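Where a number appears in this text, it was derived from the coordinates with a stated rule and is not lab data. If you're wondering where the values come from, they're calculated on a predicted model, not measured in any experiment. Cβ coordinates were reconstructed from backbone atoms using ideal geometry, including for glycine residues, and neighbour counts include every protein chain displayed.
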Amino acid sequence: MSAPPVDATPPQGDRVYRTAWRIERRAHAGPLLAWGVSLGAVLVAMLLTGILFAAFGVDPAEALRRIVDRTLLDGRGFSEVVRRAIPLMLAGVGLTLAFRARFWNIGAEGQLLVGAVAASGVALFSDLPGPLLLPAMFAAAFVAGAAWGLGPALLKVRLGVNEIITTLMLNYVAIYLVRWLINGPWKGTSLSGFAYSDVFEQAAWIPTWGATRLHWPTLAFAVLLALLVAWLLGRTRFGFEVRMMGESPEAARYAGVDFFRTTVALVAVSAGAAGLAGFGEAAGIHHRLVDPNSLSQGYGYTAIIVALLARRDPLAALVTALFLGWVQASGDVMQVALRLPSQITGVTQGLVLLCILATEPLLRYRLTRVRIPVAAASAQGGSADGGPASGAGGREVG
Amino acid sequence: MLPYARSVPDDRTTDPSLPLLQMTGVTKRYPGVVANDAVDLAVARGEVHALLGENGAGKSTLMHVLYGLQAPDAGTIRLRGHEIRFRSPRDAKAAGIGLVAQHFHLARRHTVAENLALALPDTPALFPTRALRGRVEAVARRYGFEVRLEARVAALSPGEQQRVEILKALLQGADLLILDEPTSVLTPQEAERLFEVLEVMKAEGKGVILISHKMDEVLRVADRVTVLRAGRVVATRDAAGADAADLATLMVGRSVQRGRREGAPVPGAVRLRIEELRVEGERGEVRLDEVGFEVRGGEIVGVAGVAGNGQAELAQVLTGLRTPTAGRIRLDDRDVAGLNVRTLFDRGVVHIPEDRNAMGVVGSMQVAENLVLRRHRQAPFARGRLLDWRAVGQNADDAIREHRIATPSRGAVTRTLSGGNVQKVILARELGGRPGLVVASHPSYGLDVAATEDTHRLLRRQRDAGAAVLLVSEDLDELLELSDRIVVLFRGRVTGVLEADGVDRGEIGLRMAGAA
Amino acid sequence: MELEMAWVVLARALAFSTPLLWAALGEIVAERAGVVNLGVEGMMILGALAGFAVGQTVGDPWIGLMAAAFVGAAAAALHALFAVVLQADMYVSGLALTIFGLGLSGLIGRAWVGRPLSDSMSRVSLPLLGDLPGIGRIVFQSQYALTWLGLLAAVAIWFVLFRTKLGLALRTVGENPAAADAAGVRVLLVRTGAVVFGGAMAGVAGGFLSLAYRPSWGQGMTNGLGWIAVALAIFALWHPLRAVPAALLFGALFSLSFLLQDRFAPQLLTMLPYLFTILALAVTALAKGRGAFGAPEALGEPYTRGGR
């Protein structure tokens, strides 16, 4: 039917096949795989922490047993795990919302601190009657946290300023704001020489569970918030648009999403939630405004890990917050019972994040076995994929 | 030999009777697709060999294999009689193969000199652009190029950028050049200049592989033609004596009839009227100026022009993605200039965007979600601020059935669909209702014949239902086939509004180049 | 008197801008190659600890500084592995590096808290310039060698980036990696190299803090300087020479906050550089750097050959 090419075709008769492993790109990873990989990452991080234990001369298995004993199998110990998870839940759930929209809010720490400041301000200086005090502190903390996130949000939508740096810078501003307050205008009168505010009146204390430090109303609200955010993301127009913005800004623009309003709204919720975490710590644990290092212990940063480990799912963030709360609570056990430095928890958290990253390719690629036809002419050339033989008759390619 | 070609060992001087290039049984597989299936291709010295095929026929993959960008799964490649196997493009270049890709491999913010210097093998480590001028000029003169070495690439026209790419390949000492769809960014007149350059190359004994899907240019400049379909060679013929209709049939696997515009309804009242429209870019540069034309209901108006002459901005401004600087846009006698995307959509402006994967859908979302992407604020999908997922699912089932969208389920992740099916999702969503104005940008780009016909059918259906349709395309055949009138844009200005019936292609070409 | 005050401010600004300049130069190189590294803070603190620990043990601060650079580079290699090779999220990877670095340095550094440095880096006097009246004594006799070396590094990096083939290749990788690949440049190798180099620079910045500026080790002693350096790379519009005045501006702000300490609460003054960072980014965004002054076009985009 057509003029044949000038040169003859190669012998095509019998084809040689060989099989080989090949890495292929996955189109999509299911939720089961995603969770399996996350779990694997956590286990690897724990294993590495175990090695660290051994390096400090402590038997990892024995250490784990004692940690579990004192954190999970002991009522009071477990209450410590949960109460550390509370700020992580609040801030972490908020971050899942922001991260869904690819608003990289790294400022939960600062938002938490200013939330604590606002709540303390209301507790210390308002004349509200007792029953109104806690609701007012709650509202003030939310508003303050949201306001702290608003600046970076506006800079991002209006000018395209990178929100990672701006939210992070505001963490430092918040730290020094708290330090200034407790050393200056809000310095307590009852205990001179110490840098913290006066103790709140009892009406401004969040009730706790029995003799523990578990301020359960905050916990209940954290769970409610997770449900609310899940509902927002899954059932409302707002959530649909948030997801569009995060997954494909261009398509979101095409779909007519109002970036300004949506960003402001979602950052307000996200940062406000972190502010509430500050309310919980100030009114539920310390009952006064204290130094940022005692007030937060890096909850705002750990919340980033909570949200990422939960793969930006608000309900899953409740679980991952409990896990990281357990890691933090273990730090106390290590220090007291095992005489290990509590800083190990910081390393463990970093390892968890690194392991999630390292295992991420498992979600994007898979190993498959393929049958490759080998044309007789090139069969002697060896590997056809992966490692081709030297190019162009061994010419220099350097 | 070129004056600055890299000194090459023995095999360039081997038996001249051997073909320059001989690819035999080349096979390349991707998950689920055989992109090249035992492909044979031979190119002689002084030959322009056209590689003809539809999008997705495997032309690009074959060239990637030849150029060392992809490793073949099987098959041999012989260059000047020697078997070669390239690890990377740098091997290919060292062996004398040059590629001018469709998307230029140029750093836009760098100067022409910097781009050339990086690509040349013997550029000095210090002051890489210093000694370039002398080297460039000799080659440029022979091919009739003018080169502004200190100009930034971003400031060059697509035609000029392409010449930089060709120059780069020549300076690297290529004697086999691959040109991938070289005329897609050129005016017909610029294309003529390119063909003259090809003649010089032939005279110098170089081989050229011309990738194209345009029959007329293939028949005009090629010596031989190899037609690829679905990854296989279906024919290799001498261009002299080959017949366009015959090649087209080989290319698509059945006979194609270039349809005439069948009895379109009488256009109704003017629905879209644009007057004195001016659009400026972010730094005040003019993108559109004094643009004015009308589109009636029941009419398809095509927009022709070389890429980058304001078509994209026109589509953006009409759909609310960009704000006009001055001028009026009236839709059904209401001023709509400067309204946002959402309001325009509510007023019946639908948009089939140019970049369907990045803009038309959210790739990571489900098919059902993408089928309501812009309609999610309207009943029945929205109930107040809530979404009704049952209505969304019902809509998806209907659309998948009606438009025969090939998807495993309505819950499938949209990214996993083929290009044609992604476009069906967009078409189903945008053309599902009764729009007043349809803005379609390159709606059939990259689609196979069946999907293209589907797209055209849906556009015609909207026209017949009384919508005003604005069709932006770089494919002149498509424009001529569908449009009632054609608006030609050049540097943001209208250089002609032509009745499509009996229009001369040369006339359109001249206006695309700003002449006349 | 007024003039002397200005020299004092300049002298302190130079000292304080030194770690910012080193780290920002490193980030500029990485970002010119297209890779954002938000791990600067982490690399810096690890560098600070390594520098101090080695310097304290060996007794030679310059060997300590080499250790700082090496550890910074090793940490950066981790980012390169994740963000460049495995193509995980670039932002998350850098962030993870910072969190991990802060955690690890806190753990390992416990042994060195409060220890003195037997031999810290000494100040050097520049010949000729040091003999100038006023400014000579206050500015040119009182700086650390690393301060002057930082200025030299800026010029050297400028030269390499804009006047050598290596720099051309590196910038092309950040502008259009496919073009660089087509030109035979090993994209992932260049990106990895740029990131590792940036890490070494951040390590030196950390080492300067613990071996010269303080000189001591304290947990979290970088205190956000690494993040400011990331912002500086943007503020300097990715240009090594512009990074010098940009870093000096921040240095001046820090030194001003020292000078004003008796008039304002120190905590409020400490906030200033952080607030100013936000301001600087906003101003940069308002000025809308584009074309030759904009961000590298492929900044933040992973590269896979022939892939999408």
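If a helix is a whole DSSP H run, which ones in chain C reach 24 Å or further along their own axis (Cα) and hold a mean Kyte-Doolittle hydropathy of at least 0.0?
Within chain C the helices that satisfy the rule are C:2-32, C:40-58, C:61-79, C:90-108, C:145-163, C:187-208, C:240-259, C:266-287.
Our note on the geometry: Cα centres of the range C:42-91 and the range C:202-227, 12 Å apart. Using alpha carbons only, how many angstrom separate the centre of the range B:200-218 from the centre of the range A:204-258? Taking the Cα centre of each part, the range B:200-218 and the range A:204-258 sit 60 Å apart. Stokes-Einstein, applied to the Kirkwood radius of chain C over Cα pairs at a viscosity of 1.306 mPa s and 10 °C, places its translational diffusion at 81 µm² s⁻¹.
Which whole-number percent is the relative contact order of the range B:95-235 (Cα, under 8 Å, 6+ apart)? Mind dumping the intermediate values first?
Numbers: 161 pairs, mean separation 41.9, N = 141.
About 30 percent, as a whole number.
Given a cut-off of under 8 Å on Cα pairs at least six residues apart, what relative contact order in percent is computed for chain A?
Working: 641 pairs, mean separation 136.9, N = 398.
For chain A, the relative contact order is 34 percent.
Stretched out straight at 0.36 nm per residue, the stretch from A:Val68 to A:Leu32 would grow longer than its current Cα-Cα span by 10.3 nm. Here the spin labels are modelled as points 7 Å beyond Cα on the Cα-Cβ line, and at B:Ala154 and C:Val85 they lie 3.4 nm apart.
For the protein assembly as shown, what proportion of DSSP beta bridges, expressed in % and rounded to the nearest 5, is antiparallel? List each step's numbers first, then the result.
Details: 59 of 95 bridges.
Among the beta bridges of the protein assembly as shown, antiparallel pairing accounts for roughly 60 percent.
Over all distinct Cα-Cα pairs of the range A:76-197, the Kirkwood formula returns a hydrodynamic radius of 15.9 Å.
Each helix, a run of at least 4 DSSP H residues, gives -39500 (n - 2.57); summed and divided by the residues of chain C, these come to -22000 deg cm²/dmol at 222 nm. Less than 5 angstrom separates the built amide H of C:Thr164 from those of B:Phe127, all sequence-distant by 5 or more or on a different chain. Spherically averaged projected area of the convex hull of Cα atoms, the range B:48-182: 9.2 nm². The string of couplings for the range B:332-348 from the Karplus curve (6.51, -1.76, 1.60, θ = phi - 60°) is 6, 6, 10, 6, 10, 4, x, 5, 7, 3, 5, 5, 5, 4, 5, 8, x Hz, one whole number per residue in order, with x for Gly and Pro. If you average over every viewing direction, what projected area does the convex hull of the Cα atoms of the protein assembly as shown give, in nm²? Approximately 52.6 nm², given one-decimal rounding.
Which value in Å is the Kirkwood Rh of the range A:49-120 over different Cα pairs? Answer for the range A:49-120: a Kirkwood hydrodynamic radius of 15.1 Å. Across chain A, the longest run free of exposed loop sites, meaning GluC sites (Glu not before Pro) lying outside DSSP classes H, G, I, E and B with no more than 12 other Cβ atoms within 10 Å, spans A:1-200. Picking from C:Gly109, A:Leu39, A:Val336, whose Cα lies most toward the positive end of the charge dipole for the protein assembly as shown (charges on Cβ: Lys, Arg +1; Asp, Glu -1)? The listed residue farthest towards the positive side: A:Val336. With viscosity 1.306 mPa s and temperature 10 °C, the Kirkwood radius over alpha carbon pairs of the range C:49-182 converts through Stokes-Einstein to a diffusion coefficient of 86 µm²/s.
Taking each of B:Lys28/B:Lys202; B:Lys59/C:Lys165; B:Lys168/C:Lys165; B:Lys59/B:Lys214; B:Lys168/B:Lys202; B:Lys93/B:Lys214 in turn, the alpha-carbon distance tops 25 angstrom for B:Lys28/B:Lys202; B:Lys59/C:Lys165; B:Lys93/B:Lys214. Enclosing the Cα atoms of chain B in their convex hull gives a volume equal to 164 cubic angstrom per residue.
When the helices in chain B are scored as -39500 (n - 2.57) per DSSP H run of 4 or longer and the sum is shared across all residues, what 222 nm value do you end up with, to the nearest 500 deg cm²/dmol?
Helices in chain B give a 222 nm mean residue ellipticity of -9000 deg cm²/dmol.
Using just the alpha carbons, could you tell me how many Å³ per residue the convex hull of the range C:143-186 encloses?
Details: hull volume 2.9 nm³, N = 44.
Dividing the Cα hull volume of the range C:143-186 by its residue count gives 66 Å³.
Two decimals is fine: what's Rg over Rh for the range B:302-457, C-alpha atoms, Kirkwood radius as Rh?
Values: Rg = 15.9 Å, Rh = 16.4 Å.
That ratio equals 0.97.
P(r) tail for the range C:138-289, what percent of Cα pairs lie past 22 Å? That fraction is 52 percent.
Taking the mean number of other Cβ atoms within 10 Å as a proxy for protection, how do you rank C:229-242, A:29-42 from highest to lowest? Could the numbers behind the result be given before it?
Values: C:229-242: 23.7, A:29-42: 15.2.
Packing order, densest peptide first, comes out as C:229-242, A:29-42.
For the range A:241-348, the percent of C-alpha pairs falling in each 5 Å distance bin, counted from 0 to the bin holding the largest distance, reads 2, 10, 14, 17, 18, 14, 9, 7, 5, 3, 1, 0. Between the range A:83-159 and the range C:132-167, the alpha-carbon centres lie 44 Å apart.
Applying the Karplus relation 6.51 cos²θ - 1.76 cosθ + 1.60 with θ = phi - 60° to the range B:218-224 yields 3J(HN,Hα) values of 4, 5, 6, 10, 8, 8, 9 Hz, where x marks Gly and Pro.
Quote the Stokes-Einstein diffusion coefficient, in whole µm² s⁻¹, for the range C:8-102, based on the Kirkwood radius over alpha carbon pairs, a temperature of 20 °C and a viscosity of 1.002 mPa s.
Numbers: Rh = 14.0 Å.
My calculation gives 153 µm²/s for D.
Seen from a random direction on average, the alpha-carbon convex hull of the range C:175-259 projects onto 7.2 square nanometres.
Take every pair of alpha-carbon atoms less than 8 Å apart whose residues are at least six positions apart; their mean separation over the length of chain C yields a relative contact order of 36 percent. The per residue volume of the convex hull around the alpha-carbon atoms of chain A is 254 Å³.
Each residue of the range B:35-43 is assigned a 3J(HN,Hα), and the resulting list reads 6, 10, 10, 6, 7, 10, 8, 10, 10 Hz, derived from the Karplus form 6.51 cos²θ - 1.76 cosθ + 1.60 (θ = phi - 60°), x at Gly and Pro.
Annotation: amide H of C:Val124 within the under-5 Å range of C:Gln143, C:Tyr144, C:Ala145, sequence separation 5 or more or interchain, hydrogens built in the peptide plane. Per residue of B:461-474, other chain Cβ atoms within 10 Å of the residue Cβ number 0 on average.
When the Cα atoms of the range A:186-225 are aligned to their principal axes, the ranges along those axes come out at 39, 23, 16 Å in descending order.
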